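**Student:** Below are the structure tokens for one structure; questions will follow.
The values are calculated or read from the model by the stated rules, or taken from the named source; none is laboratory data. The structure displayed is predicted, hence computed values, not measured ones. Glycine gets a Cβ as well: all are built from the backbone with ideal geometry, and neighbour counts include every protein chain shown. All accessible areas refer to the heavy atoms of the entire protein, side chains included, with ligands and DNA or RNA removed. Shrake-Rupley method; radii C 1.70, N 1.55, O 1.52, S 1.80 Å.
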Amino acid sequence: AVRDQAVENHKKWIDAAAVLGGHSIRVNTFGSNEAEVWQPSVQDGLSKLAAYGATKNINVLIENHGWLSSDAPEVMKAIAEIGMDNVGTLPDFGNWCVKRADGENWGECLEEYPDYYQGIELMMPAAKAVSAKSYNFDEEGNETKLDYVRMLQIVKDAGYTGYIGIEYEGDELSEKEGINATRNLLLKAAKSLN
């Protein structure tokens, strides 16, 4: 009943995306952090929401956003089982925490998905949007945690030609400066691609 209510609550976001001329909404797939519970729950909820989204030509996307949504093989398993064209991913360069202190959705991360690059590579075949996350930058303007050339090469190799959103979560620059620094890094990294 709670999951069905969540589906109903998200329909307004599909309606808004359609009115605004968007192509997708992103949802959080929190719930259980146990795959045997998470898989059927996510598949049920996403299937119902995507069925509604299909009537408005709107995709429903899973972003790696914590817990099992940051476990790329589990995400791709759910998408494969759902088997709907308008269910996909929004790979985020960051957001790889799979376990937080006290089982919370947010806060101190105790464990991350072990290979960010493999995670992005696994999620890209179903990508309908991409998020370039950044944290902090070195003196050359490179991200200190993520190899942007490597990330963008994975995106390019997957054949993705859509938009790449920018998200700055660092603490050394203002929001505007962080967004501009991320944009500049994307443009610089793109020149190094094969």
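**Student:** Order these peptides, 187-194, 129-136, by their mean beta-carbon neighbour count within 10 angstrom, highest first. Provide the component values of the computation, followed by the final result.
**Tutor:** On the way: 187-194: 11.9, 129-136: 21.2.
Most protected by this proxy first, the peptides run 129-136, 187-194.
**Student:** What's the magnitude of the charge dipole for the range 110-167 around its Cα centre, counting Lys and Arg as +1 and Asp and Glu as -1 at the beta-carbon? Answer in Debye, nearest 20. Kindly include the intermediate steps, with their values, before the conclusion.
**Tutor:** Working: 5 positive and 11 negative charges, 78 e Å.
Here the range 110-167 has a charge dipole of around 380 debye.
**Student:** Let me ask you something else. Do the alpha carbons of any pairs in 48/176; 12/133; 12/188 sit beyond 31 Å of each other, and which pairs? Write down the numbers at each step before the final one.
**Tutor:** Details: 48/176 38 Å; 12/133 27 Å; 12/188 38 Å.
Flagged as over cut-off: 48/176; 12/188.
**Student:** A further question follows. Which one, 30, 70, 105, is farthest towards the positive end of the dipole of the range 2-140 when Lys and Arg carry +1 and Asp and Glu -1 on their Cβ?
**Tutor:** Of the listed residues, the answer is 30.
**Student:** Pairs of Cα atoms under 8 Å, at least six residues apart: use those to get the relative contact order of the range 84-194, whole percent.
**Tutor:** Working: 163 pairs, mean separation 28.7, N = 111.
The normalised contact order for the range 84-194 reaches 26 percent.
**Student:** In the chain, what percent of the accessible surface is made up of carbon and sulfur (1.4 Å probe, ligands and nucleic acids excluded)?
**Tutor:** Carbon and sulfur: 49 percent of the exposed surface of the chain.
**Student:** The list [x] 58, 30, 22; [y] 52, 40, 30; [z] 47, 40, 33 gives values of Cα extents along the principal axes in Å, and only one came from this structure; which label was calculated from it?
**Tutor:** [y]
**Student:** Using a 1.4 angstrom probe and counting only protein chains, how large is the accessible area of residue 13 in Å², to 10?
**Tutor:** Roughly 140 Å² of residue 13 is accessible to a 1.4 Å probe.
**Student:** Computed over the Cα atoms of the range 1-60, what is the ratio Rg over Rh, Rh following Kirkwood?
**Tutor:** Values: Rg = 11.8 Å, Rh = 11.8 Å.
With Rh from the inverse mean 1/r over Cα pairs, Rg/Rh is 1.00.
**Student:** Can you work out the accessible area per residue across the range 1-160, with the rest of the protein chains kept in place, probe 1.4 Å, in square angstrom?
**Tutor:** Numbers: 7700 Å² over 160 residues.
In whole numbers, the range 1-160 has 48 Å² accessible per residue.
**Student:** Also: Along the positive direction of the dipole of the chain (beta-carbon charges: Lys, Arg +1; Asp, Glu -1; about the Cα centre), which of 57, 120, 45 reaches farthest?
**Tutor:** Of 57, 120, 45, it is 57.
**Student:** Once you charge only the Cβ atoms, +1 for Lys and Arg and -1 for Asp and Glu, what is the size of the charge dipole of the range 62-178 about its Cα centre, to the nearest 20 debye?
**Tutor:** Working: 9 positive and 25 negative charges, 113 e Å.
In debye, rounded to 20, the range 62-178 gives about 540.
**Student:** Positive end of the dipole of the chain, charges at C-beta (+1 Lys, Arg; -1 Asp, Glu), about the Cα centre: which of 179, 1, 86 has its Cα farthest in that direction?
**Tutor:** Checking the options against the dipole of the chain, the answer is 86.
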